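Please read the structure below before turning to the comments.
The values are calculated or read from the model by the stated rules, or taken from the named source; none is laboratory data. Since this is a predicted model, take the numbers as computed values, not measurements. Glycine also receives a Cβ, built like all others from the backbone with ideal geometry; neighbour counts cover every protein chain displayed. For the accessible areas, the whole protein counts, side chains as well, though only heavy atoms, and no ligand, DNA or RNA atoms are used. Shrake-Rupley method; radii C 1.70, N 1.55, O 1.52, S 1.80 Å.
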Amino acid sequence: MAAERTAAVLDLRGLDLVTPVDLLSDGHTPFAKNFRLYAQQSDDRRVAVSSRKGPGFYINPFQETLSDSMTASTGASTAKVGVQTGIHAQRVTAASTGRITRIDLEVSNVDSASGPLMVQIWSDNDGVIGELLSESSIGSGDIGEVASYQPSRYINAPLVPAGSDYWIVTRMQDDGRNTYTLGTTTDGIPAGTTDGLLAQLEMQDYSLKYKVYTAVDGQFKGAYRLARDNGDNITIAAFGTSMYRIDETNQTLVEIASGLSANAEEYSFTHGDNRVFWVNGYDQLRAWDGTSVEIITDTELPILSLVIMHKEPMFGVSASDPNRLVWSEAPGNPTQNPTNQQWYRAWLSIGFWYIPRPHAGSPITALVSFQDALVIFTQDKKYIFSGYDKGTFFPREATGSKGALSARGVTSDENRIYFVSDDGFYEYNGSADKKISKLINPLFDGCPNKNEIDANIWKNEVRFYMASKLSTVNDTCVIYNKDLGEIQYDTDTFIDRALYYNDAD
């Protein structure tokens, strides 16, 4: 008798960290990490599983320099690294303080090896290997038969103080084949090898050849994608006391404005009139048209912390009076004034409204142009600002009353606003709030810096980049799949800010 054949369907849906395991249903699991769910066809009721992919484009890290290296030819020789031939570990003493962004190893492929060559950075613990700090790799397609220095780049760039020790650990990925050849020298600190535990190194009489590059320790304070009428779209980003544009051809940062306030921590951007505008709570409103920067001043224009184009006027929030919403004149008004005294260059003393009242104890945190109205978030509530000019503007409290912690935690599409509130992630449809993070409350509660969560929408997914428990940086990503209404989760995602390129093409 022929054996009966049966088929099983794996009904994966999303992450659930709240419901007891014995009560889980509908394909929820507490282990839904580092994968994607997507429909194979538009009318398919079942979904397929996809693994996440790494970055595909880099720009050169800002102020990257060669800081540590061992390139001597004394006693030059080679060492093999493969799945069966073990692991190589090289201790390095940092010459200067910086974040490791790139490590080059002298490597060749003379044995028809395949698979990535993993290059890890580990801390030092009194002369022995400590904790894993970051990991990258060199692809097999980049390694030729002739020895050359090949780079591995680090999205998570660990900070190493001057004079401290760290370890470069290299091995072949588990599914690799054959061996790669590493360049060595008898100069420098001896390398160690092991076939298993890193704590049991066998020290050698050679050092690996390497080059270590570091960048300055600092964070970008904001970025924006400027879409222009001529299609020459540009990304700008604030770092330190300067604003930069990203040269995507040469993969570099080019300074467009200097002398910005060193006290500024967060920038707000908007665009119109083929210009991008920015404020930071300390400097006057600025505009850049792709060529030159204009500082916009008016006796009635305060220093702004937030700015947005909504309908025709420009709206902003006073940095010194954070419940005061101000707005400019509309284009062409007043008509008798020259162009340089109109629109966003013209602000009147009567062009303001307090939301909800002066010194309310809950400052305005975000502005969103949504469904023909300006949605104004404060820390504990939200308000709808409707109308077309100063004669018809009128605010009311939104029926969905949850507030937002910060502007960077707010994003929107055609039908919803998604935002980070005091107790979780929410979506707002213009009339009501819906909490979308109720199944992952432990993740949200464990985040130590909720006001730095960065929210973005990409490919019909809302992505919240956030810090895991005890982390000082954003190192994870909660993903809300709008189609499925489910939560997915990525670990080891070191992204402080994300920027969606919503170009028309």
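What the table shows:
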read-out	value
Among Gly259, Gly183, Trp327 the positive-end extreme of the charge dipole of the chain (Cβ point charges)	Trp327
For the stretch 140-151, Karplus couplings with θ = phi - 60° (6.51, -1.76, 1.60), whole Hz, Gly/Pro x	4, x, 8, 9, x, 6, 8, 4, 7, 7, 10, x
Size of electric dipole in the chain: Cβ of Lys, Arg +1 and of Asp, Glu -1, about Cα centre, debye, nearest 20	860 debye
Exposure ranking of Glu486, Glu266, Glu397, Glu131 by accessible area [1.4 Å probe, largest first]	Glu131, Glu397, Glu266, Glu486
Percent carbon-and-sulfur accessible area, the stretch 266-402, ignoring ligands, DNA and RNA, probe 1.4 Å	48 percent
Cα pair distances in the chain, grouped into 20 Å bins until the bin that holds the longest one, percent each	19, 45, 29, 7, 0
Surrounding net charge for Leu159, when Lys and Arg each add one and Asp and Glu each subtract one, Cβ distance under 10 Å	0
Interchain or long-range residues, amide H under 5 Å from Ile457's placed H	Arg463
Segment Asn233-Lys435, extension gain: residue separation times 0.36 nm, minus the distance between their alpha carbons	69.2 nm
Share of carbon and sulfur in the accessible heavy-atom surface of the stretch 465-505 [1.4 Å probe, %]	49 percent
Accessible area in square angstrom per residue, the chain, 1.4 angstrom probe	49 Å²
For the stretch 350-505, projected area of the alpha-carbon convex hull averaged over all directions, nm²	10.5 nm²
For the stretch 402-496, size of Cβ-based charge dipole, Lys and Arg +1, Asp and Glu -1, in debye	220 debye
Protein-only accessible surface order, largest first, of Asp126, Asp26 at 1.4 Å	Asp126, Asp26
Farthest positive-ward along the chain dipole, Cα basis, beta-carbon charges - from Gln90, Ser431, Ala162	Ser431
Kirkwood hydrodynamic radius of the stretch 172-245, from inverse mean 1/r over distinct Cα pairs, in Å	17.7 Å
Reachable lysines from Lys438, criterion Cα separation under 28 angstrom, eight or more residues apart if same chain	Lys33, Lys53, Lys381, Lys382, Lys402, Lys450, Lys459, Lys469, Lys482
Net +/- balance of residues flanking Val128 in space, Cβ distance below 15 Å, scoring K and R +1, D and E -1	-4
The chain, helix-only ellipticity at 222 nm - DSSP H runs n ≥ 4, -39,500 (n - 2.57), divided by all residues, nearest 500	-500 deg cm²/dmol
Heavy atoms of Asp187: accessible area, 1.4 Å probe, square angstrom to 10	60 Å²
With DNA, RNA and ligands ignored, accessible area of Leu405 (1.4 Å probe; Å², nearest 10)	50 Å²
